Every structure is written in structure tokens, then in C-alpha cells.
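Structure record follows, encoded as C-alpha cells.
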Amino acid sequence: MDLDKLRIFYYAAKAKSFTNCDLNLSPSAVSRHISDLEHRLKAPLFYRQVRGLSLTEQGEVLFESAHKVFAELDAARSLLNEVGVEPQGVLRVAIPSGWTSTVLIQYIAEFLKRYPKIRLHMTPIERLNDFNVTEVDAAIIPFTPDRPTWIQRHLMQFQLKLFASPNYLENHGTPETIEDLTSHKMISHITNGSSLSDLKWHLSLGTKDDKEREPYLVVCSPYHAAEQGLGIVTLAQENLLLRSGKLVEVLPNLNGPTIDAYYVYPEHLKESKKVRLLGDYIVDFIRITKNLSNLPKVA
């Protein structure tokens, strides 16, 4: 197969257009190359519509294959550039939007100081099961991805517990039993998809038939809402922000579910120095800072 024509098809398919596909070719030239490719393959690749293009079933199959080809070529080019030189270039990492204040700032700052020529592009994931694998080199996620070709590196297990600010507890009282929680304001994470449903475990505590109560506030970064005295929140006890002492543990003998975090990346990047260094750094950082000490508790 003509690699140039495959490249033209790939970019046209990504753009769903013969006009705005980042190729230094006129729309008519792109159309001619696509038509020639369809003729050689004896299969239609696009539905040509007034409002744009859409892939046929055969086009979908070719697009998936083309993506693998060009992803591996890009990876090979990147690896060649890394040989014998200081790690450098863009490293694109997907991460849940609610983790940016803890993982991005707390975990990654020293990494960027250590490797100043790496430019880290963090892509917030709004829907955890739906991040675009074609636009990232790696991801830090709290579930095992349904992508068998991705390498999965377990980072750590988080233990969920309840926290609140001293100011909130002073104003609303300190719960002594699970049943006491029914009279308190609960802050919840935004959870799109079942992969993080455990983050809402506290909403059913103390209710009849474990029925989930309506949260007082739903936000991406509930730590900061709890810090402002707005309610009780569930957080991982390993959350580095808790070291500030601005939140204290509520019902300390009560443990919630556990959540596993993974560092994942596509197999064709397994030799990438940048990808490997970030994974190694996070694993070492977690090992060193794993145990929280002197965390205030409410008896």
C-alpha cells in the first residue's frame, strides 16, 4: 500500500474533511488521492455528505490500522531522537481532572525540575473511560483500562475515609456514629462512569436500606470545598494535601472502599525514555511518601 496515500487518508479521516486536514494539498488533490486509494482497495472509505465526511465500515477498519502504523512511526522517531541525549520534548499525560491539584502539583513538580527539557502536557479527563488514546502518551488513572495493548503499572492503593474541617465540626457537631451522618452536609466528587462510583460510598452511610442521599455539593476537587467548611468529604488518606492539617478525620475507625491507581501507556512507547522516567519517578515518589504521619483525628 502507498504510505503517502495512507497518510492522506488518515489525516482526512481524523479531520472528517478534505479541506481542513493539516495537509499541504488542495482539497481536490486530497480527493483524488483518496479516490485512487479506494480504487486500489476496491472498497469505499468515506461517505461523502453535504456537511462533511464519515467513514464507511471499511474506512473504520483502515483508520484503526493506519493509526497503529503512524503511532508506531511517531514513537520510533521519538525514540531515535532520545538516543544518547538528555530526555526532552513533549510528554502528554491524561489524568482525572480532580487529581490535578494533588498529582500534578504535589507529585510532578520535582520531576520537571529534574528533567527541565521535558515539557509536560496534562490532559484532564472528564469522562474517565473516554480519554482519547490518540492524543496522549500515558495516563494516570484509578482503574484498569479496557485496552489490552496498553502496559499497566500499578502505582498504589488508596484507602478512602471521611474528613471535614475543624470549623465545620465546630459549627455542626462531630459525628460519633454512622447514623449521626444523616444530619450532616455531604460533599461528593463528580463521578462520570462506574469506575469511580466508590467515591460516593459515604452518601449512603446511616441511611435506611443504604439508600444514597442527595449530596449538599458536587465538585471536581472536593478537598477545597471541605477546607472551606462546607461539609464532610471522602478522600484517600494518602492524599498529600491532608498533610496541611486543614482537615481532620471523621469517624476514624470507619474505612471506606479502596481504589487502585495505575500508570498506563501504549505498548509501542514501552522503550520511550520520557514515558519510562515519569513512571519510575512516580513509583519512587509514592514509595518514599507512602505513609502519612501526624494526621489529626477526631476521636
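General observations
- Per DSSP, loop trypsin sites (Lys or Arg not before Pro) in the range 189-248 with at most 14 further Cβ within 10 Å: Lys211
- Calculated FRET efficiency, Asp260 to Trp201, Cβ-Cβ distance, R0 = 25 Å: about 0.95 to the nearest 0.05.
- In Å², nearest 10: area of Thr19 left accessible to a 1.4 Å probe: 90
- Computed from backbone phi with θ = phi - 60° and the Karplus coefficients 6.51, -1.76 and 1.60, the 3J(HN,Hα) list for the range 169-175 is 5, 5, 7, 10, x, 9, x Hz; x is used for glycine and proline.
- Lysines with Cα under 20 Å of Lys14, excluding same-chain neighbours fewer than 8 positions away: Lys5, Lys68
- Rounded, prolate or oblate (a/c below 1.5 giving rounded, otherwise prolate when a/b exceeds b/c) for the range 166-283 by Cα gyration tensor: prolate
- Ranked from largest to smallest solvent-accessible area, with a 1.4 Å probe on the protein heavy atoms, Arg276, Arg153, Arg40 come out as Arg40, Arg276, Arg153.
- Applying 1/(1 + (r/R0)^6) with r as the Cβ-Cβ distance of Thr56 and Val218 and R0 = 51 angstrom yields a FRET efficiency of 0.80.
The values are calculated or read from the model by the stated rules, or taken from the named source; none is laboratory data. What you are looking at is a predicted structure, and each value in this text was computed from that prediction instead of being measured. Virtual Cβ from ideal backbone geometry, glycine too; neighbours counted across all protein chains shown. Each accessible area value is taken on the protein alone, full model and side chains, heavy atoms only, with ligands, DNA and RNA left out. Shrake-Rupley method; radii C 1.70, N 1.55, O 1.52, S 1.80 Å.
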